[in-house]
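To start, the structure itself, in structure tokens.
The values are calculated or read from the model by the stated rules, or taken from the named source; none is laboratory data. Everything numeric in this text was worked out from a predicted model, so none of it was measured. Cβ atoms come from the backbone with ideal geometry, glycine included; neighbour counts cover every protein chain shown. All accessible areas refer to the heavy atoms of the entire protein, side chains included, with ligands and DNA or RNA removed. Shrake-Rupley method; radii C 1.70, N 1.55, O 1.52, S 1.80 Å.
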Amino acid sequence: MLPYHNLIVIDKQNQLPVYRQITNRLISLIREGLIPPGTFFPGTRQMAEFITVNRKTIINAYEELITEDWIEPVDRKGYRVAPELPVIKPRSFQPQNFFSSPDNITSRNLALQAALQPEHRVTKSSDIVVNDGYPDPELAPFDEISKIYRDKATSSRIKQLMCLRDQGGLPLLKEATALFLNETRGLNIRKDDLVITRGAQMAIYIAATVLLANGDHVVVSEPNYRYADEIIENTGARISKIGIDEEGPDLGQLEQILKKSPVKMLYIVPHLHHPTTITMSARRRQQLLQLIEQYGFYVIEDDYGYDFHYTNNPILPLASSPHGGKIIYIGSFTKLLAPSIRVGYMIAAPDIVKKAMDLKRLIDLRGDTFIELMLAQMIINGDLVRHINRSNKLYARRCEFICHLFTKKLSHAVEFTRPLGGMAVWLRFKQQYPVNKIISDAAHAGLCMIGMSFRLAGNPNDNGIRFGFASLSDEEMSKAVDILAKLTS
């Protein structure tokens with residue numbers, strides 16, 4: 001509630017009646033936008049107490065405002081500012097905003113490159129939304145979350161944990177995560193080797209910020225996870241780009257760059273590369289480990305897709321091999337659970353972990369204790385592994401179905417390689433169908449495509465977009481492909 005006792009000051013020397021002074025001041029506050037349309041005023045007794053006047057004075061002021069159409073009475077609720085104000089009918093009401101830009105701060109590398117972003121628009125409930133490759137919210141462990149909230153003993157413990165200083169994540173989750181990663185990825189780590197973050201995105205930001213300084217040289221693939229590029233650029237580092245083929249990033253190009261100038265860091269997505277879904281071959285991984293040893297650069301290994309393989313077992317991460325502390329391994333539980341359950345992790349050498357914890361504390365004093373405890377319990381009792389196995393079966397079937405639809409109905413317009421896993425297909429449109437136009441036309445036809453798109457003439461991945469299928473039903477996938485088939489017929 002607004003501090004009316006400070007906003008409405010009565011001038012006893014003024015010959016204008018007190019009720020009229022109150023009326024005029026309330027009108028001014030409405031005009032200025034401090035009291036927007038639809039706002040309920042305090043009751044007459046409460047308002048009288050706020051500004052230390054007789055209640056009858058407030059009644060007179062409110063009646064005057066009603067007469068002039070500034071406010072209206074609402075049965076059993078009180079008085080509210082009229083939705084349509086007398087001085088602005090029939091125009092819409094837009095109060096003054098005082099947050100104008102005082103300088104050219106937007107010239108920094110803080111804003112995404114709008115020209116490269118997929119078009120976002122307000123969607124209707126009837127629209128089909130094809131995302132970047134998110135898990136199906138229908139599979140999210142809401143029952144497990146509810147149990148945490150309902151259990152009195154657990155809730156009591158959580159209240160205590162909430163008040164403790166964050167040490168890079170809930171200790172129980174750090175311990176459970178280390179166990180989970182050791183069993184699935186062969187990392188041989190302890191809980192003190194990792195930091196729990198709010199999703200992999202925060203982990204990438206923290207790792208890059210800890211490692212990089214203005215002018216440092218970083219190598220990424222092209223195309224690459226766009227938000228990682230933005231994070232790197234925001235540190236002031238300069239980026240060199242290498243190509244990517246069916247075996248992964250072109251390490252021949254990387255070696256040529258390393259021979260010419262020092263490289264501080266490489267950012268890489270070895271499993272189900274974002275955006276192309278390519279998985280790096282074992283041969284290339286071994287080659288990369290040799291380059292790390294020879295040139296001593298750091299590597300951020302973003303392994304968000306390790307747990308989602310359908311046709312074979314994933315190759316162990318680079319971080320599971322000797323690397324002299326040069327690899328920062330990043331992953332996420334978000335992809336396993338639901339887009340809004342933001343829990344990720346970062347594993348690194350002790351000095352980097354310490355700096356990461358200090359930086360995390362500056363932007364996130366407390367983790368999500370409820371979610372972290374729920375996730376720890378899911379890992380310990382085996383629910384997470386069972387959830388992954390169930391999800392993989394469903395996503396594998398959906399992957400097969402969407403690839404069948406693309407082959408049957410869109411082969412005239414697109415090319416794609418069926419991914420080994422993950423939640424999206426990298427769909428490359430033929431040149432006569434510009435992907436930006438496809439996105440725009442599809443939106444008008446009820447298909448909102450918000451996956452990452454890529455345009456760079458001459459690049460093998462030119463004119464492509466990520467088509468996330470994991471969160472779509474068979475009916476939605478069929479309708480989406482029918483719309484694209486119609487647009488390209």
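From Cα coordinates alone, what are the radius of gyration and Dmax values for the chain in angstrom?
Rg, Dmax (Cα atoms, Å): 28.5, 90.
One-quarter of the Cα convex hull surface for region 275-342, in nm²?
That works out to 5.5 nm², a quarter of the Cα hull's surface.
DSSP beta bridges in the chain, what fraction antiparallel, as a percent rounded to 5?
60
With n ≥ 4 as the cut-off for DSSP H runs, can you work out [θ] at 222 nm for the chain, using -39500 (n - 2.57) per run divided by the number of residues, rounded to the nearest 500?
-12500 deg cm²/dmol
Can you flag which of Lys174/Lys326; Lys260/Lys430; Lys124/Lys360; Lys124/Lys174 are past 30 Å Cα-Cα? Walk me through the numbers on the way to the answer.
Working: Lys174/Lys326 21 Å; Lys260/Lys430 36 Å; Lys124/Lys360 37 Å; Lys124/Lys174 40 Å.
As for pairs spanning more than 30 Å Cα to Cα, those are Lys260/Lys430; Lys124/Lys360; Lys124/Lys174.
Count the net charge of all other residues whose Cβ sits under 14 Å from the Cβ of Asp364, scoring Lys and Arg as +1 and Asp and Glu as -1.
Taking every Cβ under 14 Å from that of Asp364, the sum is +2.
At 1.4 Å probe size, what's the solvent-accessible area of Asp482? Round to the nearest 10 Å².
Asp482 exposes around 70 Å² with every protein chain in place.
Whenever you get a sec, compute what percent of the accessible area on region 140-381 sits on carbon and sulfur atoms (1.4 Å probe).
Answer for region 140-381 is 51 percent, counting heavy atoms of protein chains only.
If you rank His274, His5 by how much accessible surface each has, with a 1.4 Å probe, what is the order from largest down?
Working: His274 15, His5 105 Å².
Descending accessible area places them as His5, His274.
Between Lys259 and Val385, what is the label-point separation in nm under the 7 Å Cα-to-beta-carbon projection?
4.7
Kirkwood hydrodynamic radius of region 327-473 from all distinct Cα pairs, in Å? Each step should come with its number before you reach the end.
Details: mean 1/r = 0.0543 Å⁻¹.
By the Kirkwood definition, the hydrodynamic radius is 18.4 Å.
Over the chain, average the accessible area per residue using a 1.4 Å probe and give it in Å², no decimals.
Normalised by residue count, the accessible surface of the chain is 50 Å².
Loop by DSSP (not H, G, I, E, B), at most 13 other beta-carbon atoms within 10 Å: where is the longest site-free stretch of the chain for trypsin sites (Lys or Arg not before Pro)?
191-365
Select from Ala348, Met423, Leu29 the residue farthest towards the positive end of the dipole of the chain; place +1 on Cβ of Lys and Arg, -1 on Cβ of Asp and Glu, and compute about the Cα centre.
Leu29
How big is the accessible area of Met357 in square angstrom, nearest 10, if you roll a 1.4 angstrom probe over the protein chains?
The accessible area comes out at roughly 30 Å².
For region 4-81, with all protein chains present and a 1.4 Å probe, just round the carbon and sulfur fraction of the accessible area to a whole percent. Display every interim value, and only then the final one.
On the way: 2100 of 4650 Å².
Accessible surface attributable to carbon and sulfur in region 4-81 totals 45 percent.
Working from the alpha-carbon coordinates of region 4-81, get Rg over Rh, Rh being the Kirkwood radius.
Ratio of gyration radius to Kirkwood radius: 0.93.
Residue farthest toward the positive end of the dipole of region 140-381, with Cβ of Lys/Arg at +1 and Asp/Glu at -1: which of Leu362, Asn224, Ile278?
Checked the options; the winner is Leu362.
Any idea what the dipole of the chain comes to, in debye rounded to 20, about its Cα centre with Lys/Arg Cβ at +1 and Asp/Glu Cβ at -1?
Roughly 540 debye for the chain.
Take every DSSP beta bridge with both residues inside region 140-381 and express the antiparallel ones as a percent of the total, to the nearest 5.
Close to 40 percent.
Could you sort His404, His444 by accessible area so the largest value comes first, with the probe set to 1.4 Å?
Largest to smallest exposure gives the sequence His444, His404.
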